[in-house]
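Written out below as structure tokens is the structure these notes cover.
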Amino acid sequence: MRVPLSWLKDYVDIKMTPEELAHTLTMAGLEVEAIDYIGKEWGNKLITAQIVSLGKVPGSDHLSYTRINTGAQELDVVCGAPNIKQGDKVPLALLGAKVGDMVIGEKRTLGYLSQGMLCSPRELGIGNDHAGIYILDPDVEIGQKLVDVLGEIVLDFAIKAHRGDLSSVIGIAREVAALTGQKLRIPQAVLHEQDTPTTELVHVKVEDTDLCPRYSGRVISNVKIGPSPSWMGRRLLAAGMRPINNIVDITNYVMLEFGQPLHGFDYDLIPEHTIIVRRAHEGETLTTLDDVKRKLTPDMLLITDPQGPTAIAGVMGGAKSEVTATTTTVMLESANFRAGGVRRTSVQLGLRTDASSRFEKGLDPELALAGTNRACWLLEELAGGSVHPGIVDVYPQPVQARTISFSTDEVEWLIGMKVTQDEIVNALSALEFVVTPDEEGRKMLVTIPTYRSDVQEGADLVEEVIRLIGYDKIPATIPTGPLPEPASDNWFEREQEVRTLLIGTGLNEIVTYAMTSRARMVKLLAQADATSASFLLQAPVGVAAKAQTGELQKQGASTALAPFDARSLPAVVLANPLSSDMEAMRLTLMSSLLETVQENSKRNSAGLRFFEVGRRYLPVNGPKTLPDERRTAGIALCGPAEISWNSELSRPADFYDLKGIVETLLAGLKITRYRFTPTQHPTFHPGRCALLELPRPSSDGEETFSPVGVLGEVHPMVQQHYDLPHRAYLCEIDLETLYAAVPARQTYRPISRHQELTRDLAIVVDQQISAQDIQDVIVKQGGQLLRSVTLFDVYTGDPIPTGKKNLTYSLVYQSQERTLTDAEANTLQEGILHALREDFGATLR
């Protein structure tokens with residue numbers, strides 16, 4: 001929030017430099033992010049001047065030829081702004097002046113000499129308006145340095161979410177007064193009420209008091225719409241707001257001054273002069289002041305009339321009853337809306353305003369009356385309005401000041417510093433807390449102002465006391481007593497181990513948000529339907545793949561699928577998301593991996609090799625049941641497999657690169673027994689997807705293999721969803737299941753002193769038979785003498801019959817006790833071949 005220093009001085013005397021003030025406030029917990037010196041770089045070359053004459057430049061539809069009086073001389077200036085006229089006083093940049101990055105020089109335009117430049121608010125750095133020249137106050141003397149007229153020092157504050165009372169100039173002034181011992185001056189409105197009472201002119205009904213604790217309104221007639229005075233416009237510009245007209249500017253001015261958002265309705269455009277505050281009805285829409293038609297939901301609070309919505313409560317007004325140049329009577333709204341409701345509405349609509357940002361921090365309902373009275377006084381003074389007597393005020397449950405019992409012991413217990421009762425009383429009283437001490441000098445009762453809703457308990461009072469006394473006054477002490485035993489976090493070490501291994505394979509680690517949207521996750525599915533979506537809910541990854549492969553095949557054969565609503569995807573959904581793209585907790589890491597590949601592929605033609613170690617959040621049935629947070633590793637490859645001086649010579653990454661990375665990870669974790677089995681998954685290309693399976697004992701004592709991950713080539717349709725230029729490969733591994741297979745201790749056996757015998761085995765089998773199934777039979781039949789089995793060739797084509805494939809294995813035999821003979825190796829080889837014939841119909845090639 002931007003606060004002009006001159007405005008702040010209206011309410012409290014400041015006797016220190018801006019830098020000292022900023023340091024004092026920051027050290028008290030009110031962070032000053034920056035000090036903006038408006039006009040610091042203007043120097044002597046930007047001055048005030050007056051337009052003596054002007055005329056249109058022939059041959060141009062917008063340029064004007066002006067004669068400018070600087071007080072010392074007259075200059076010719078060509079200007080394209082449409083808002084200037086003869087007699088206006090304007091900012092003039094003389095020759096040699098630096099305006100932004102531009103140095104003003106003499107030039108000719110269409111034959112007319114220009115000896116300077118008239119400046120807009122944006123060129124001066126005091127606003128964003130570039131449509132016209134900044135018009136100075138008519139009373140300004142010409143020839144002055146512009147910095148003496150428009151120069152300002154602005155403090156830029158970072159207001160925290162729990163301190164709604166600081167969202168105003170008076171709120172900041174209250175802190176300054178408390179910290180510097182000065183007196184706070186709050187402007188008091190003295191109104192001259194007349195004519196018909198407000199209660200007879202407007203009727204208000206609040207149907208949802210849970211979202212609107214207070215709604216008040218006043219009527220001001222005979223207002224005259226026009227420009228605001230220059231002093232108000234300058235303050236609004238310095239605070240970051242654009243002046244519009246006196247009515248709108250007054251409501252914005254009071255919002256910045258008191259922190260109370262206000263809204264003005266054209267009284268004559270309110271049907272039946274009745275205001276109804278209620279939740280939106282299903283299907284209702286409203287065109288807001290920014291000329292956008294917005295779809296409303298039943299959890300949004302509206303300001304309506306008997307014919308329909310007129311404003312979104314706490315966010316933005318509607319075009320239906322806005323104040324225009326013909327408005328003569330204004331109904332001024334000053335209300336209090338629940339912070340959570342305004343925040344939810346603002347996020348759902350993607351509409352953040354100055355009013356909503358203040359309501360979101362929680363405002364004091366008592367502020368509504370002070371804000372509306374101050375605005376009415378300004379409307380009397382600056383718009384010639386007549387304020388009608390009384391106020392319509394729906395306030396069924398007035399907020400009550402809370403009282404907390406407090407003791408000096410609490411300060412010492414929390415911060416280790418002794419503070420006297422007098423110091424506490426002085427500190428809290430400076431903040432307008434009412435303190436009633438006891439006679440013992442230790443305990444007291446503290447009444448909290450209604451605008452300090454953040455103070456809930458004694459610990460909060462300790463914070464207020466110590467920040468007024470000064471954090472630097474807390475003595476430095478050395479901790480005493482035994483140091484606690486360091487907590488052991490096995491998973492931290494395990495995840496670091498996985499990171500180290502994957503980085504060693506040449507991958508780059510990424511970290512993405514755990515929040516995403518259901519629509520973004522559905523993009524992972526080649527065909528969006530309920531069965532495909534269920535694959536995203538597997539824990540561990542791929543556990544249900546075998547059971548659902550048949551159903552997936554049936555759906556793949558069907559071309560007519562019912563439309564799938566992403567909102568039906570079972571996920572952990574946030575009640576109050578930051579945006580629609582971050583409304584759910586992720587079910588998989590693959591979505592964010594592909595999004596990262598997509599973004600990087602736009603800027604980089606090299607190979608993209610990413611991994612992420614994070615968590616998936618799987619919903620668990622049951623009321624108020626926390627989701628199952630599965631520790632997971634994800635890998636993505638796309639583009640060339642390695643870095644080359646010529647990308648055209650690089651081999652594209654393929655499935656076996658990904659499989660090799662997974663095998664390197666398994667080897668690093670000392671997992672020696674695993675297998676890859678074919679499967680189908682809606683994210684992956686049919687026939688190019690596999691499950692990673694690890695052995696585990698079953699209930700009947702036999703060993704079975706269960707999936708811990710899935711890997712494969714991304715389906716072409718999914719590749720199109722993400723607009724990827726190359727084939728992509730993904731892997732997702734459930735780390736919790738993976739680490740269950742990591743051996744608790746490593747065992748070693750001596751290297752055999754006896755010679756090994758190597759035999760190759762080339763067999764022909766049906767194409768649909770898995771090489772892993774064949775290898776399992778070879779290992780089982782080879783027994784203890786078979787030391788290793790390696791598949792080193794797969795071949796299809798002539799002379800292999802159609803529908804068949806050739807698999808060639810290298811088998812190594814070795815004994816620990818003796819040297820094997822050729823006859824023994826041949827016998828084992830024959831036994832293996834016989835078993836393969838029996839189980840798979842294999843033939844020796």
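Quick look at the numbers
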| item | result |
| --- | --- |
| Area accessible to solvent at T790, 1.4 Å probe radius, in Å² | 70 Å² |
| Calculated FRET efficiency for the pair K443/H162, C-beta based, R₀ 35 Å, to 0.05 | 0.85 |
| Net length gained if the chain between S6 and N245 were fully extended (0.36 nm per residue, minus Cα distance) | 83.8 nm |
| Accessible-area ranking of D723, D354, largest first, probe 1.4 Å | D723, D354 |
| Normalised alpha carbon radius of gyration of the chain [divisor 2.2 N^0.38 Å] | 1.33 |
| In nm, spacing of pseudo-spin labels at I503 and S699 (7 Å Cα→C-beta vector) | 4.4 nm |
| Inter-centroid distance (Cα atoms) of region 579-604 relative to region 235-254, Å | 41 Å |
| Computed FRET value (nearest 0.05) for R673 with T843, which takes r as the C-beta separation and R₀ as 41 Å | 0.90 |
| Anisotropy class of region 322-366 from Cα gyration tensor, a/c 1.5 cut | oblate |
| Overall form of region 737-845 per C-alpha gyration tensor (a/c, 1.5; a/b vs b/c) | oblate |
| Gain upon complete extension [A487, H23; 0.36 nm per residue less C-alpha separation] | 163.2 nm |
| Protection proxy ranking of 134-141, 582-589, 332-339, 87-94 - average other beta-carbon atoms within 10 Å, highest first | 332-339, 582-589, 87-94, 134-141 |
| Residue-averaged 222 nm ellipticity for the chain, from DSSP H runs of 4+ at -39500 (n - 2.57), nearest 500 | -8000 deg cm²/dmol |
| Among 56-69, 38-51, the order from most to least packed when residues are scored by Cβ within 10 Å on average | 38-51, 56-69 |
| Gyration tensor (alpha-carbon) shape descriptor, region 450-489, a/c threshold 1.5 | oblate |
| Among beta bridges that DSSP assigns inside the chain, antiparallel share in %, nearest 5 | 95 percent |
| Whole-angstrom gap from region 475-520 to region 68-100, using each part's C-alpha centre | 61 Å |
| Alpha-carbon gyration tensor eigenvalues x 5, square-rooted, for region 165-255, Å | 28, 22, 15 |
| Gain on full stretching of the segment that runs from S815 to E381 - 0.36 nm per residue minus C-alpha separation | 145.7 nm |
| Cα-centred dipole magnitude for the chain, charges only on beta-carbon of K, R (+1) and D, E (-1), debye, nearest 20 | 1700 debye |
| Within straight-line cross-link reach of K670, lysines at Cα separation under 20 Å, skipping those fewer than 8 residues along the same chain | K659 |
| Listed residues K145, K473 arranged by accessible area, highest first, probe 1.4 Å | K473, K145 |
| Sequence of H388, H273, H203 when ordered by accessible area, the most exposed leading, probe 1.4 angstrom | H203, H273, H388 |
| Spacing of the two label points (7 Å from each Cα toward its C-beta) at E106 and I478, in nm | 7.6 nm |
| Highest to lowest packing among 825-831, 184-190, 122-128, scored as the average C-beta count within 10 Å | 122-128, 825-831, 184-190 |
| Links that overshoot a 22 Å alpha carbon limit, given the list K89/K145; K293/K523; K98/K145; K9/K45; K40/K107; K523/K602 | K293/K523; K9/K45; K40/K107 |
| Separation of alpha-carbon centers, region 124-140 and region 273-349, rounded to whole Å | 32 Å |
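The values are calculated or read from the model by the stated rules, or taken from the named source; none is laboratory data. What you see is a predicted model; the values in this text were computed from it and never measured. Methodologically, a virtual Cβ is constructed for each residue, glycine included, from the backbone with ideal geometry; neighbour enumeration extends over all protein chains shown. Protein only, heavy atoms only, side chains kept; ligands, DNA and RNA dropped before computing areas. Shrake-Rupley method; radii C 1.70, N 1.55, O 1.52, S 1.80 Å.
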